[in-house]
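Data block below; observations after.
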Amino acid sequence: MKRLISALYATLFLCLSGTSVCFAKAETVSGTGFYFDTVITIKLTAENADELLQGCMDLCQHLEDTFSAQKEGAELYQLNHRQSEKVEVSDELASCIDRALEFSQMSGGAFDLTILPLRQIWDFEGKQGLTALEYYGEEAKEKSLVPTESEIQDALSRVDYSRVHLDGNTVSFDRKDTMIDLGGIAKGWISSALKEYLKEEGCESACINLGGNVTTVGLKENGKNWTIGIQTPFSLRGEILTAVKAEPDHCIISSGTYERYFEEDGVLYHHILDPRSGYPAEVGLSQVSMVGMDDAACDALATIGLVLGREDFEKMMEENGREEEVLFTDEDLAFSWFNDGGEHERQ
């Protein structure tokens, strides 16, 4: 948790700096909460700022109760524990599943919304920072934190996005044991929903940070573009690798191998799993950051980049006409841009 909070505040430092208010009769407020297994911070400027901030927090609670695969009672949890092959779902869940299917298909399964069985056996959240002895207890001294090959193959047999079908608000499954995990796209979908809500309510300036997924509304309260810091991977103090000037209503979303991981026998195992192999992706990258206006797309694409690797990811982006800017960070922390038009300084 200390690492998470340190990284979050490093990301927020540039995003939330400045206190002057330039909008007539408006005030600037900020609030912090814990949703989606992370610390979130929202800063906004509006005439009814307190009301809008509470509205954002209420929306976060509602969407957590919609998209969580772990929280009993959440709509997605109930969908995964269904008793029928066809289930009617809410507009929000149908929309997010639709986007997840879109990027599952676009990536050829490098992103797969049915990855939950794999995530469950790897359990990075539960194993973070622990040894096998600490995790399993005295009676399991020789047990590894890494799942066995048979466990991985069994989980892989249940991972296949083509077994999920969406028709309007009806989700149908080809197999009873197929389960959905929206963790690779939900925060992007949610930040986009928060952005839309604030704009509809007349908010002209906001910065929304969902644990490192940053999206903006308009300009800062002083009339300038938001400056968003991107974290240096594996930095204990949340140091900034580089900073990006965010155009109004743009997002900067990063995915990295440093977010959740454990080490065993000198090998680092991270949470960016390749749904095709069942193991953590190994493509020589430690972080992929996306800049664009479609938050859900940027969220999914950041993960896809870490699974495909730079060359195949760039090819996929070009073949699908994707115009989002991409910042690749190598394992040695060298970084470079793609699709940026030469606007960003390169290292």
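The values are calculated or read from the model by the stated rules, or taken from the named source; none is laboratory data. Bear in mind that the values here come from a model prediction, so they are computed numbers and not experimental data. For neighbour counting, all protein chains shown are included, and Cβ atoms are generated from backbone atoms with ideal geometry for every residue, glycine included.
Looking across region 131-149, just one residue is outside any helix (DSSP H, G or I), under 14 Å from residue 264 (Cβ atoms) and among the small types (Gly, Ala, Ser), and that is 144. With respect to (1) under 24 Å from residue 159 (Cα atoms); (2) out of contact with any Phe, Trp or Tyr (no Cβ under 9 Å at 6 or more places or on another chain); (3) of a type outside the set (D, E, K, R); (4) touching a residue at least 40 places away in the same chain (Cβ under 8 Å), the lone exception for residue 293 is condition (1). Of the residues making up region 287-327, those that are buried (at least 22 other Cβ atoms within 10 Å of the Cβ), over 15 Å from the mean Cα position of the chain (by Cα) and over 22 Å from residue 208 (Cα atoms) are 308, 313. Within the set 208, 152, the sole residue that is in a helix (DSSP H, G or I) and under 25 Å from the mean Cα position of the chain (by Cα) turns out to be 152. Using the structure shown, decide if residue 279 is more than 30 Å from residue 194 (Cα to Cα) and in contact (Cβ under 8 Å) with a residue 12 or more places away in the chain. Criteria met by residue 279. Pairs linking a residue in region 101-126 that is surrounded by fewer than 18 Cβ atoms within 10 Å (Cβ to Cβ) to a residue that is part of a helix (DSSP H, G or I), with Cβ atoms under 6 Å and 6 or more positions apart or on different chains, are 121/151; 121/155. Taking residue 277 as the residue in question, decide whether it is among the polar types (S, T, N, Q) and surrounded by fewer than 16 Cβ atoms within 10 Å (Cβ to Cβ). When the stated conditions are applied, residue 277 passes them. I want to confirm something. Restricting to region 75-86 and keeping residues that are surrounded by fewer than 17 Cβ atoms within 10 Å (Cβ to Cβ) and touching a strand residue (DSSP E or B) at 6+ places or on another chain (Cβ under 6 Å), which single residue is nearest to residue 117 (Cα to Cα)? That would be 85. Looking only at region 60-72, residues that are over 17 Å from residue 94 (Cα atoms) and out of contact with any strand residue (DSSP E or B) (no Cβ under 8 Å at 6 or more places or on another chain) come to 3 in all. Within region 56-99, the residues that satisfy the criterion of being among the basic types (Lys, Arg) and either over 30 Å from residue 205 (Cα atoms) or without any contact (Cβ under 8 Å) to a residue 24 or more places away in the chain (or both) are 71, 82, 86. Every listed requirement among (1) of a type in the set (A, V, I, L, M); (2) in contact with a helix residue (DSSP H, G or I) (Cβ under 6 Å, 6 or more places away or on another chain); (3) within 30 Å of residue 108 (Cα to Cα) is met by residue 252 save one, (2).
Just wondering, is there one or more residues in region 104-125 that are part of a helix (DSSP H, G or I) and modelled with pLDDT under 95? Looking through region 104-125, at least one residue is part of a helix (DSSP H, G or I) and modelled with pLDDT under 95. In region 331-347, the residues that are modelled with pLDDT under 90 form Cβ pairs under 6 Å with partners that are assigned to a loop (DSSP other than H, G, I, E, B) and of a type outside the set (Asp, Glu), at six or more places apart or across chains, as follows: 347/334.
Yes or no, residue by residue, for (1) surrounded by 15 or more Cβ atoms within 10 Å (Cβ to Cβ); (2) touching a Gly at 6+ places or on another chain (Cβ under 8 Å):
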| position | (1), (2) |
| --- | --- |
| 247 | no, no |
| 251 | yes, yes |
| 261 | yes, no |
| 265 | no, no |
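Considering region 63-84, the residues that are assigned to a loop (DSSP other than H, G, I, E, B) and under 17 Å from the mean Cα position of the chain (by Cα) include one that is modelled with the lowest pLDDT, namely 70.
Checking each residue in region 202-228 for being at pLDDT 90 or above, closer than 21 Å to residue 189 by Cα and not aliphatic (A, V, I, L, M) picks out 202, 203, 204, 205, 207, 209, 213, 215, 216, 218, 226.
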